[in-house]
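Chemist: A single structure is presented below for examination.
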Amino acid sequence: MAGAIASRMSFSSLKRKQPKTFTVRIATMDAEMEFSCEVKWKGKDLFDLVCRTLGLRETWFFGLQYTIKDTVAWLKMDKKVLDHDVPTEEPKTFHFLAKFYPENAEEELVQEITQHLFFLQVKKQILDEKIFCPPEASVLLASYAVQAKYGDYDPNVHKRGFLAQEELLPKRVINLYQMTPEMWEERITAWYAEHRGRARDEAEMEYLKIAQDLEMYGVNYFAIRNKKGTELLLGVDALGLHIYDPDNRLTPKISFPWNEIRNISYSDKEFTIKPLDKKIDVFKFNSSKLRVNKLILQLCIGNHDLFMRRRKADSLEVQQMKAQAREEKARKQMERQCLAREKQMREEAERTRDELERRLMQLKEEATMANEALMRSEETADLLAEKAQITEEEAKLLAQKAAEAEQEMQRIKATAIRTEEEKRLMEQKVLEAEMLALKMAEESERRAKEADQLKQDLQEARESERRAKQKLLEITSKSSYTSMNSSTTALPTDLPSFNLISESLSFDFKDTDMKRLSMEIEKEKVEYMEKSKHLQEQLNELKTEIEALKLKERETALDILHNESSSRGNSKHNTIKKVS
């Protein structure tokens, strides 16, 4: 009895210890994950779990986003997940997205996973037209997206139509020109072919470096009203706060860089920006919802903290990450160089093999032709020998007949012909016999000459046969030599395979290697400046090329504003400097 009570008590205590849980679905830009979370978990517990699962260390750029009453909100790190105003049904869905954007992607984004997540998010924003991108830049960005997905361009693999199912350009750009999908693909592929040798992470970084110069990149827009009730847009980004006309999201009317802002605060729905310079008036505005004010303040605090953090020495964690990233980059670069050398050696060996095979086929064809010529010569010689033998026999037969005629003539002459008639007849027969003997002699002489000629032809045919046999022997000896060469120059069996196993790779980072790498990086900087100039020329060239196909009536307000700004030589950064 006591044992049964004890077992029931232990079972109930175990049952009480099991924490209550709820299911959460996390959607990244390219995957979905589900987690079982405890009821007591705070936002930071769930966020850290997602970051650990992704292997992400640059956590300060990201957050967990959800939507409530058509308004975007972000999960607070110090607040319980279930205390947020989230839907009651499960699984509760959050989107793992970049909340803050870097000023310079190449310098700030260290991990490859961070770069990849930013690339996917910015690419989607451009395709969804949340970031305005001019047509010529859209084509260039599309070519880097193709390089990131497909690797190096290969005309034998990437044939016409291989991009037919890909979404690479904003619909606004496609509708703006009288161009078929094949024409767009041709222009994208032309630039894609120039990116040969870039790895996926390099292509994605080039994409971000171009995208970060777009006017709407990284800007969160909010509808506001100033003290006079005028409708405006507030833009919050990595550089500061910007005030826009509602019809022009490209060029701000006024900007407040983070280093020139002394204080930001809000009371109820009124928001106040106090500049560092006390001579400048305080800027006040109202938003429609208190929830929006809280979101604006969150973004302002986060962007300001990152702005100040960039201008200080890197923390120990960031320094370690950057050192690891440099080592990893150097290792990958050396690995790519090794692969490139192996690929070049393999291609050279294949070219040599193909050349030897071609030469061998050529020699085989020559040998076949020589063999056929030899057979024809032998057949001709046999025919000539047979004909000479027949002619010789005919000549012997004629000579025999001539001898018989001569004997007959002698016998006739010896016979005494008594009568004149017999004598006349005899003379006539003698004359005929002489004429016949003469003809037989001439025919015999002609046949003898013909027999001599046939003997000469037979001799020449045999000489030709001898030469053909000699040539065949030469070709046969060449073929055997070529076979030996081809066997010795075939693909080396010890060439490493392209399917490299990471565990078998080891690299010794010597000082000379690092110095050489530093020199290469400096060289790359100089080349990058030249490429930037070349890139701008290419963009202008493409813009001029497709300008004739533009449908002016389909231009949006942002297209017109961007063209006017470009014609004045304005860019994102110098515009912000002007209006600050």
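The values are calculated or read from the model by the stated rules, or taken from the named source; none is laboratory data. The model shown is predicted, which means the values in this text are computed figures rather than measured ones. A quick note on method: Cβ atoms are made from the backbone with ideal geometry, for glycine too, and the neighbour counts reach across all protein chains shown. All accessible areas refer to the heavy atoms of the entire protein, side chains included, with ligands and DNA or RNA removed. Shrake-Rupley method; radii C 1.70, N 1.55, O 1.52, S 1.80 Å.
Chemist: About the Cα centre, and with charges only on the beta carbon of Lys, Arg (+1) and Asp, Glu (-1), how big is the dipole of segment 170-277? Nearest 20 debye, please.
Modeler: Numbers: 15 positive and 18 negative charges, 89 e Å.
I would put it at about 420 debye.
Chemist: Any chance you could look up the accessible area of THR53 with a 1.4 Å probe, heavy atoms only, rounded to 10 Å²?
Modeler: Solvent-accessible area, nearest 10 Å²: 80 Å².
Chemist: Related question: Give the cross-link partners of LYS80 among the aspartates and glutamates, using a straight C-alpha distance below 12 Å as the criterion and excluding same-chain residues fewer than 8 apart.
Modeler: Those aspartates and glutamates meeting the cut-off are GLU38, ASP45.
Chemist: Let me know the charge dipole size of segment 429-480 about its Cα centre in debye, to the nearest 20, where only the beta-carbon of Lys, Arg (+1) and Asp, Glu (-1) is charged.
Modeler: Numbers: 12 positive and 12 negative charges, 94 e Å.
My answer is approximately 460 debye.
Chemist: Accessible area per residue of segment 394-466 at 1.4 Å probe, in Å²? Intermediate results must be reported in sequence, preceding the final value.
Modeler: On the way: 5700 Å² over 73 residues.
For segment 394-466, the solvent-accessible area averages 78 Å² per residue.
Chemist: Right, here's the next one. At 1.4 Å probe radius, can you tell me the per residue accessible area of segment 269-385 in Å²?
Modeler: Values: 7690 Å² over 117 residues.
For segment 269-385, the per-residue accessible area is 66 Å².
Chemist: Same structure again: Could you pull out every residue, at least 5 positions away or on a different chain, whose amide H is within less than 5 Å of the one on ALA238? Hs are placed 1.01 Å off N in the peptide plane, and Pro or chain starts have none.
Modeler: For ALA238, whose amide H was placed from the backbone, the distant partners under 5 Å are TYR101.
Chemist: Report ³J(HN,Hα) in whole Hz for each residue of segment 428-442, in order, from the Karplus equation J = 6.51 cos²θ - 1.76 cosθ + 1.60 where θ = phi - 60°; Gly and Pro get x.
Modeler: Listing the rounded values in order: 4, 5, 4, 4, 5, 5, 5, 4, 5, 5, 4, 5, 5, 5, 5 Hz.
Chemist: Ok, one more. Is the C-alpha gyration tensor of segment 176-265 telling us rounded, prolate or oblate? Criteria: a/c under 1.5 is rounded; beyond that, a/b larger than b/c is prolate, otherwise oblate. Could the numbers behind the result be given before it?
Modeler: Values: a/c = 4.82, a/b = 1.93, b/c = 2.50.
It is oblate, given that a/c is not under 1.5 and a/b is not larger than b/c.
Chemist: List, in the order given, every pair from LYS209/LYS543; LYS42/LYS92; LYS253/LYS278; LYS123/LYS209; LYS159/LYS550; LYS44/LYS294 whose Cα-Cα distance in the structure shown is over 23 Å. Before the final figure, lay out each step's value.
Modeler: Details: LYS209/LYS543 20 Å; LYS42/LYS92 14 Å; LYS253/LYS278 20 Å; LYS123/LYS209 12 Å; LYS159/LYS550 27 Å; LYS44/LYS294 19 Å.
From the list (LYS209/LYS543; LYS42/LYS92; LYS253/LYS278; LYS123/LYS209; LYS159/LYS550; LYS44/LYS294), the Cα-Cα distance tops 23 Å for LYS159/LYS550.
Chemist: Enter the accessible area per residue of segment 122-212 (Å², integer; probe 1.4 Å; all protein chains in place). If you can, show how the numbers build up before the last one.
Modeler: Numbers: 4070 Å² over 91 residues.
Per residue, segment 122-212 has 45 Å² of solvent-accessible surface.
Chemist: Sticking with this one: Say the dipole of segment 225-321 comes from +1 at the beta carbon of Lys and Arg and -1 at that of Asp and Glu; which of SER287, ILE254, LEU297 then lies farthest toward its positive end?
Modeler: SER287
Chemist: In whole percent, how big is the carbon plus sulfur part of the accessible area of segment 220-312, probe 1.4 Å, protein atoms only?
Modeler: On the way: 2410 of 4950 Å².
Taking all protein chains in place, segment 220-312 shows 49 percent carbon and sulfur surface.
Chemist: With all protein chains present and a 1.4 Å probe, how do LEU306, LEU436 order by accessible area, largest first?
Modeler: Details: LEU306 15, LEU436 85 Å².
Result of the area sort, largest leading: LEU436, LEU306.
Chemist: Can you give the FRET efficiency for LYS69 and LYS171, using 1/(1 + (r/R0)^6), R0 = 22 Å, r = Cβ-Cβ distance, to the nearest 0.05?
Modeler: Plugging the Cβ-Cβ distance into 1/(1 + (r/R0)^6) gives 0.15.
Chemist: Here is a further query. Pop out the carbon and sulfur fraction of the accessible area of segment 318-477 as a percent, whole number, probe 1.4 Å.
Modeler: Values: 6180 of 11880 Å².
Heavy-atom surface of segment 318-477 belonging to carbon and sulfur, 1.4 Å probe: 52 percent.
Chemist: Now, a different point. In debye, nearest 20, what is the charge dipole magnitude of segment 122-212 about its Cα centre with +1 on Lys and Arg Cβ and -1 on Asp and Glu Cβ, if you could check?
Modeler: Around 160 debye, computed over segment 122-212.
Chemist: Can you sort TYR266, TYR244 by solvent-accessible area, 1.4 Å probe, largest first? All intermediate terms of the calculation are to be shown ahead of the outcome.
Modeler: Working: TYR266 70, TYR244 5 Å².
Result, largest first: TYR266, TYR244.
Chemist: Determine the share of segment 21-98's accessible area contributed by carbon and sulfur atoms, expressed in whole percent, with a 1.4 angstrom probe.
Modeler: Details: 1850 of 3950 Å².
Carbon and sulfur together cover 47 percent of it.
Chemist: Here is a follow-up. Which residue, chosen from THR71, THR23, TRP41, occupies the Cα position most advanced towards the positive end of the dipole of segment 21-98, where the dipole is computed from +1 (Lys, Arg) and -1 (Asp, Glu) charges on Cβ about the Cα centre?
Modeler: TRP41
Chemist: Once ligands and nucleic acids are excluded and a 1.4 Å probe is used, how much of TRP60 is accessible, expressed in Å² to the nearest 10?
Modeler: 60 Å²
Chemist: Under the definition of Cα pairs under 8 Å and six or more residues apart, what whole-number percent is the relative contact order of segment 220-312? Write out the running numbers ahead of the final one.
Modeler: Working: 156 pairs, mean separation 22.4, N = 93.
For segment 220-312, the relative contact order is 24 percent.
Chemist: In addition: Just flag the GluC sites (Glu not before Pro) in segment 41-126 sitting in loop per DSSP whose Cβ has no more than 10 other Cβ atoms within 10 Å. Write out the running numbers ahead of the final one.
Modeler: Working: sites: GLU58, GLU89, GLU103, GLU106, GLU107, GLU108, GLU112; in loops: GLU58, GLU89, GLU103.
Qualifying residues, ordered by number: GLU89.
Chemist: Compare the Cα positions of TYR207, PRO155, TYR192 along the charge dipole of segment 122-212 (+1 at Cβ of Lys, Arg; -1 at Cβ of Asp, Glu; about the Cα centre) and return the one farthest towards the positive end.
Modeler: My answer, from the dipole projection, is TYR207.
Chemist: How would ARG198, ARG225, ARG411 rank on accessible area, largest to smallest, probe 1.4 Å? The partial results should precede the final answer.
Modeler: Details: ARG198 60, ARG225 110, ARG411 130 Å².
The ranking, largest first, comes out as ARG411, ARG225, ARG198.
Chemist: Can you give me the solvent accessible area of MET183 with a 1.4 Å probe, rounded to the nearest 10 Å²?
Modeler: Here the accessible area works out near 60 Å².
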